[in-house]
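K.L.:
Here's a structure for you.
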Amino acid sequence: MTAVDTGTAGDRVRAPRVVIVTGISRFLGATIAARLAATPGVVRVIGVDRADPPGELRPLLRGVRVHRIDLAEGADELVELGAEALVHLAVVSSPDGRGGRAAMKDQNVIGTMQLLAACQQMPSLRRLVLRSSTAAYGASFRDPAVFTEETEPRATPRGGYARDILDIEGYVRGFRRRNPRVTTTVLRFTPFVGPQPDTGLLQLLAQPVVPTVLGRDPRLQFIHVDDALELLYRSVVEDHQGVFNVAGPGTITLSQAIRRLGRIALPVPEGILQAAAVYGRGVNGLRSLDQVDLFVHGRVVDTARLTERYGFTPRATAEAFDDFVRAQRGDAVLTPGRLAETERRMLEMIRTVRAGRVS
């Protein structure tokens, strides 16, 4: 895709003076808002969320004006704030207990519709940045080995989150057609990884016993949360028109991830894992059919466009995942020491059995 003219050359290279960031009650939103507030040239950062930020995030938001707004109910009060850039991060990947799947869809889809309606009325807006997901490609046996940004889903995704992402991106494409003056950046992130198990997938992998699909060993990609923040930041202070896959180069298989963490894999039929996702209410991090399909088929995306346009290469998937492994090492079920002790006991048992047979 080619860049869209969004004003003078000076406008296209300078940081926006006023930025709105949605989803600031979560780590990603609060952290990017804080970094933008500390950027020279940025005069004001407005943080938006339907819930108050938790206590541990409030120190990050001292330089951010916080507005409590439920986007699903409308975003008209944002119109007059003079925003030159808007970062939409208020997209959740699983129900959070406040209304279940219906509330999740309201926040993701209806909230995005209301926000884009407000953006339509912002004459000052120059950049729109959307947090999306590679879940938009779905996961099925028809998938190609590697997805590019132009690849269409080969089957309708079963999970609610993936369907929400497809709806959201559809609305954003419509906005972009109607507003060519606005540089619109869509970042399709692979699953985040970092020291803390703060996503459903990482919580699942952090369990002592990790359920897997019998006969399957999918390829996975991750993006380190620090690299995700860097790319979000660059998307706000620079012009990057288009859709971008965001992932660390390379892959790891699910079995490799489990071994690196020192966990135990428990292969089960796909139907059992599916039932757990649907009826288990998020038990042990298994929260959606999107995760089940990922454990069956895996997903790998091409990031050549990202590297070329941003001039930035995220750390490799294996390296990013190892940061998570180091933080979890004390909880490993199968540590090198425990494996050595198990081996010693087995050898001792064999020697004892042999000695008994000789006597």
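K.L.:
At pLDDT 70 or above and under 30 Å from Gly215 (Cα atoms): which single residue out of Ala340, Ala332, Ala247 fits that description?
P.N.:
Ala247
K.L.:
Considering only the range 114-135, I want to know if a residue exists there that is within 19 Å of Val300 (Cα to Cα) and open to solvent by 20 Å² or more (accessible area, probe 1.4 Å).
P.N.:
Within the range 114-135, one or more residues are within 19 Å of Val300 (Cα to Cα) and open to solvent by 20 Å² or more (accessible area, probe 1.4 Å).
K.L.:
Here's a follow-up. Looking at the range 170-188 only, could you name the residues that are under 15 Å from Ser132 (Cα atoms) and open to solvent by 10 Å² or more (accessible area, probe 1.4 Å)? Walk me through how you get there before you give the answer.
P.N.:
Here is the first cut: in the range 170-188, the residues under 15 Å from Ser132 (Cα atoms) are 170-173, 184-188.
Across the range 170-188, the qualifying residues are Gly170, Tyr171, Arg173, Arg188.
K.L.:
If I ask for residues that are β-branched (Val, Ile, Thr), farther than 21 Å from Leu289 by Cβ and part of a helix (DSSP H, G or I), which ones from the range 158-191 would you list?
P.N.:
The one that is β-branched (Val, Ile, Thr), farther than 21 Å from Leu289 by Cβ and part of a helix (DSSP H, G or I): Val172.
K.L.:
Of all residues in the range 224-275, count the ones that are open to solvent by 40 Å² or more (accessible area, probe 1.4 Å), among the polar types (S, T, N, Q), part of a loop (DSSP other than H, G, I, E, B) and farther than 16 Å from Thr313 by Cβ.
P.N.:
Count: 0.
K.L.:
Same structure, new question: Within the bounds of the range 155-163, is there any residue that is open to solvent by 20 Å² or more (accessible area, probe 1.4 Å), under 17 Å from the mean Cα position of the chain (by Cα), free of Cβ contacts under 8 Å to residues at least 60 places away in the same chain and closer than 26 Å to Arg305 by Cα?
P.N.:
Yes - at least one qualifying residue is present in the range 155-163.
K.L.:
Name the pairs whose Cβ atoms lie under 9 Å apart, with the first residue in the range 108-129 and farther than 19 Å from Pro16 by Cα, the second in a loop (DSSP other than H, G, I, E, B) and of a type in the set (Lys, Arg), and 6 or more positions between them or separate chains?
P.N.:
Qualifying pairs under 9 Å: Gly111/Arg50.
K.L.:
So, one more: Go through the range 77-103 and report how many residues are in a helix (DSSP H, G or I), surrounded by fewer than 21 Cβ atoms within 10 Å (Cβ to Cβ) and aliphatic (A, V, I, L, M).
P.N.:
Residues of the range 77-103 in a helix (DSSP H, G or I): 77-81, 100-103.
The next check asks that each one be surrounded by fewer than 21 Cβ atoms within 10 Å (Cβ to Cβ); those that pass are 77, 79-81, 100-103.
From what's left, aliphatic (A, V, I, L, M): 79, 81, 102-103.
Residues flagged as in a helix (DSSP H, G or I), surrounded by fewer than 21 Cβ atoms within 10 Å (Cβ to Cβ) and aliphatic (A, V, I, L, M) within the range 77-103 amount to 4.
K.L.:
Considering each residue of the range 198-218, count those that are assigned to a loop (DSSP other than H, G, I, E, B), on the phi < 0 side of the Ramachandran plot and open to solvent by 40 Å² or more (accessible area, probe 1.4 Å), and give that number. So that I can check it myself, show each step before the final result.
P.N.:
Our first condition is that a residue be assigned to a loop (DSSP other than H, G, I, E, B); within the range 198-218, this holds for 198-199, 206-208, 214-218.
Retained after the next criterion (residues that are on the phi < 0 side of the Ramachandran plot): 198-199, 206-208, 214, 216-218.
Retained after the next criterion (residues that are open to solvent by 40 Å² or more (accessible area, probe 1.4 Å)): 198, 207-208, 214, 216-217.
Looking only at that region, the number is 6.
K.L.:
Taking the conditions exactly as written (open to solvent by less than 70 Å² (accessible area, probe 1.4 Å) and part of a helix (DSSP H, G or I)), does Ala51 satisfy them or not?
P.N.:
On the way: open to solvent by less than 70 Å² (accessible area, probe 1.4 Å): yes; part of a helix (DSSP H, G or I): no.
Answer is no for this residue.
K.L.:
In the range 283-321, which residue that is part of a loop (DSSP other than H, G, I, E, B) and out of contact with any Gly (no Cβ under 7 Å at 6 or more places or on another chain) is surrounded by the fewest Cβ atoms within 10 Å (Cβ to Cβ)?
P.N.:
Gly311
K.L.:
Now a separate question. What's the number of the only condition in (1) acidic (Asp, Glu); (2) at pLDDT 95 or above; (3) touching a Phe, Trp or Tyr at 6+ places or on another chain (Cβ under 6 Å) that Asp290 fails to meet?
P.N.:
Evaluating Asp290 over (1) acidic (Asp, Glu); (2) at pLDDT 95 or above; (3) touching a Phe, Trp or Tyr at 6+ places or on another chain (Cβ under 6 Å) leaves (2) as the failure.
K.L.:
In the range 1-38, which residues are surrounded by fewer than 16 Cβ atoms within 10 Å (Cβ to Cβ), of a type outside the set (Gly, Ala, Ser) and at pLDDT 95 or above?
P.N.:
The one that is surrounded by fewer than 16 Cβ atoms within 10 Å (Cβ to Cβ), of a type outside the set (Gly, Ala, Ser) and at pLDDT 95 or above: Arg17.
K.L.:
Does Thr39 satisfy being within 16 Å of Arg131 (Cβ to Cβ) and of a type in the set (S, T, N, Q)? Don't jump to the end; show me each part of the working.
P.N.:
Values: within 16 Å of Arg131 (Cβ to Cβ): no; of a type in the set (S, T, N, Q): yes.
Criteria not met by Thr39.
The values are calculated or read from the model by the stated rules, or taken from the named source; none is laboratory data. The shown structure was predicted, so the numbers you read here are calculated from the model rather than taken from an experiment. As a convention, Cβ positions derive from the backbone with ideal geometry for all residues, glycine included, and neighbour counts pool all protein chains shown. The protein model used for the area step is the full one, side chains on, heavy atoms only, and it has no ligands, DNA or RNA in it. Shrake-Rupley method; radii C 1.70, N 1.55, O 1.52, S 1.80 Å.
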